[in-house]
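Reviewing the structure listed below.
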Amino acid sequence: MRTLSLVSLIIAPLMAALLWWLGLPLLGTALALGLLMASLVWQEHNHDSTAKAANTATGPSPCDGSQLQNLEPLSQELASLLGESHTSLQQIETTQTDAVTLLSEAFQQLSQLSDQQSQLVKQILGHEALAKSEEHDREWMNNFAQNTATTLDRFVETTINMSASSMDLVEKIDNINKALPSITKAMKDIDQIASQTNLLALNAAIEAARAGDFGRGFAVVADEVRALSNRSAGFSEGIQAQLQNITQQIVALTEEIGRVAAQDVSYVIASKQEVQSAIRMLVAKSEQDKEYAAQLESINEVLQESVYKSIRGLQFGDINAQHLQYSASAIRFIQQQLLGLSVQNIADINQHLHEKLEEMRQHRQQMKNPVSSHNVVAGNIDLF
Amino acid sequence: MSHAIKVRLPNRFDFNYHQTFSQECNSLLNDQACQSVELDFSQVQYLDSSALGMLVLLAKKNKGQGNKTLIIQGAQNTAKEILEMANLNKLYEFR
């Protein structure tokens with residue numbers, strides 16, 4: 001009797017602790033209470049029988065069959081409770097294994113994606129030779145700036161040289177223009193000479209008329225001279241008209257050249273500044289891109305490290321599964337032992353219990369917990 | 001003997017000013033007593049490419065005759081930027 005109650009007292013907290021550890025506090029408490037009650041019933045029964053034995057002081061049978069019969073439903077009840085615990089443990093193991101498999105797959109995929117992302121980032125930024133390309137980029141930008149500045153300078157120089165040539169032309173045309181009035185003045189002199197000649201011829205004609213027949217020949221000469229003076233006056237007029245025309249055309253030409261030579265150049269300065277600021281922006285942008293790339297890369301490294309840690313952590317699911325299997329088989333064994341506990345009398349019970357205890361001891365020795373490590377840090381397992 | 005002559009330039013130094021400018025400068029270049037020509041840019045707010053052309057032409061002529069010191073004086077803001085952009089500091093002394 002004592003032995004059984006002692007066994008119950010030991011088993012009860014042990015089972016409770018095991019189930020608490022497995023995260024089944026209710027089941028643990030229930031089992032512990034069940035076993036405690038069982039032990040109390042046994043103790044009371046024992047007490048009653050000893051009292052009876054003292055009163056009657058008869059026979060070797062201290063226990064009657066009706067009370068012993070109480071033991072069987074109790075152990076049946078305990079066995080079925082243990083059976084339920086066993087089933088729960090198995091279900092926990094299955095669920096955990098499934099969850100671990102799912103998580104492992106997800107993390108493997110995450111790891112692959114993170115690898116791919118890292119590769120892509122490297123490709124986008126031409127990361128393969130970062131140090132080299134940084135130098136190269138800077139050089140390229142500087143060359144670009146230099147070339148643009150040179151092109152602009154050359155353009156400005158060409159424009160100014162063209163302007164200088166145009167201004168030279170304008171000056172030369174001006175000189176021609178300045179020469180024109182003197183020609184006009186010369187023509188006016190010629191005009192005057194012609195009119196004087198005309199007057200002279202007129203006087204000669206008058207004198208010739210006065211001379212009568214003797215002067216007839218002279219009159220013809222005077223007429224010719226007058227005609228010549230008229231013709232020269234006509235020429236002079238034509239030339240002056242031409243000069244007028246030329247003067248007008250020279251004015252038009254000067255204006256035209258002026259239009260070509262006079263270009264607004266302030267826009268060149270604006271565009272030069274624009275190009276410079278664009279280049280500054282490009283340089284700043286490329287430097288910022290590099291910074292972001294470095295940040296992205298370090299983030300990716302941390303991400304990969306986390307994924308690896310997670311995968312490593314998941315491997316302890318295997319250890320837990322083995323713990324669960326071990327506990328389940330222990331419970332199964334206890335259950336079987338309880339079911340085998342059918343007794344006719346106290347002596348039988350005592351013997352039976354000793355046998356069962358021995359069996360349990362042997363069973364424990366045979367079936368060692370396959371997992372020795374208790375925490376994640378202690379068990380350093382390689383990746384799958 | 002160092003005789004410097006100042007040429008005052010207008011607010012808008014462009015093509016319309018070319019006759020005045022070339023007259024003044026040509027007479028200065030022919031002046032033997034004149035050692036240096038000082039162009040006063042302090043009033044100039046705007047100048048176009050023809051003005052730059054006139055300045056370059058003046059420098060070219062000066063190289064051919066006289067070899068006087070050419071000075072640009074008191075150029076400000078945009079005018080100064082344009083003169084520098086046109087690399088006139090190679091031909092003129094900036095003051």
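The values are calculated or read from the model by the stated rules, or taken from the named source; none is laboratory data. Since the model is a prediction, treat every value here as computed from it, not as a measurement. All Cβ positions, even for glycine, are placed from backbone atoms using ideal geometry, and neighbour counts span all protein chains on display. Ligands, DNA and RNA are stripped out before the accessible areas are found, and what is left, the full protein with its side chains, is counted by its heavy atoms. Shrake-Rupley method; radii C 1.70, N 1.55, O 1.52, S 1.80 Å.
Note the full-extension length gain between A:Glu287 and A:Ala211 as 0.36 nm times their separation in residues minus their Cα-Cα distance, in nm to one decimal.
Here the answer is 16.0 nm.
I'd like the distance separating the alpha-carbon centroids of the stretch A:282-352 and the stretch B:51-77, in whole Å.
Each part reduced to its Cα centre gives a spacing of 90 Å.
Using 0.36 nm times the number of residues separating A:Ser80 and A:Arg259, minus their current alpha carbon distance, what extension gain do you get? List each step's numbers first, then the result.
Working: separation 179, 0.36 × 179 = 64.44 nm, distance 11.27 nm.
Fully extending the segment from A:Ser80 to A:Arg259 adds 53.2 nm.
Top to bottom by accessible area (1.4 Å), largest first, where do A:Ser236, A:Ser266 land? It would help to have the intermediate numbers written out before the result.
Values: A:Ser236 0, A:Ser266 40 Å².
Putting A:Ser236, A:Ser266 in descending order of accessible area: A:Ser266, A:Ser236.
On a 1.4 Å probe surface of the protein chains, which of A:Asp153, A:Asp223 comes out largest in accessible area, and what is the full order?
Per-residue accessible area, sorted high to low, gives A:Asp223, A:Asp153.
So which residues in the stretch B:38-53 end up with at least 20 square angstrom less accessible surface once the other protein chains are there, compared with the chain by itself, probe 1.4 angstrom?
When all protein chains are present, B:Tyr46, B:Asp48, B:Ser49, B:Ser50, B:Leu52, B:Gly53 each give up 20 Å² or more of accessible surface.
Please list A:Val275, B:Val7 in order of solvent-accessible area, largest first, computed with a 1.4 Å probe with all protein chains present. Walk me through the numbers on the way to the answer.
Details: A:Val275 45, B:Val7 0 Å².
Ranking A:Val275, B:Val7 by accessible area, largest first, yields A:Val275, B:Val7.
Leaving out ligands, DNA and RNA but keeping every protein chain, what accessible area does A:Met281 have, in Å² rounded to the nearest 10, with a 1.4 Å probe?
The accessible area of A:Met281 comes to roughly 140 Å².
What does the C-alpha gyration tensor say about the overall shape of the stretch B:29-90? Classify as rounded when a/c is under 1.5, otherwise prolate if a/b is larger than b/c, or oblate.
Cα axes put the stretch B:29-90 in the prolate bin.
Subtract the Cα-Cα distance of A:Glu301 and A:Arg231 from 0.36 nm times their separation in residues, and report this length gain in nm to one decimal.
14.5 nm
Checking the cross-link filter: which aspartates and glutamates have an alpha carbon closer than 13 Å to that of A:Lys285, excluding same-chain neighbours under 8 positions apart?
A:Glu134, A:Asp137
Would you please give the FRET efficiency between A:Leu110 and A:Arg332, computed as 1/(1 + (r/R0)^6) with r the Cβ-Cβ distance and R0 = 35 Å, to the nearest 0.05?
After rounding, the FRET efficiency stands at 0.35.
Ignoring ligands, DNA and RNA, what percent of the 1.4 Å accessible area of chain B is carbon and sulfur?
42 percent
Of the cross-linked pairs A:Lys172/B:Lys90; B:Lys68/B:Lys90; A:Lys272/B:Lys60; A:Lys172/B:Lys80, which ones have a Cα-Cα span greater than 18 Å in the structure shown?
Violating the 18 Å Cα-Cα cut-off are A:Lys172/B:Lys90; A:Lys272/B:Lys60; A:Lys172/B:Lys80.
Compare each residue of the stretch A:255-289 in its chain alone against the assembly with all protein chains, and report those whose accessible area goes down by 50 Å² or more; 1.4 Å probe, heavy atoms.
Those are A:Val265, A:Ile269, which lose 50 Å² or more relative to the chain on its own.
Apply the Karplus curve 6.51 cos²θ - 1.76 cosθ + 1.60, θ = phi - 60°, to the phi angles in the stretch A:194-207 and return the couplings in whole Hz, x for Gly and Pro.
For the stretch A:194-207, the Karplus-derived couplings read 4, 5, 5, 4, 4, 4, 4, 5, 4, 4, 4, 5, 4, 4 Hz, x marking Gly and Pro.
Would you kindly find the accessible area of A:Ile334, with a 1.4 Å probe and non-protein molecules such as ligands, DNA and RNA excluded, rounding to the nearest 10 Å²?
30 Å²
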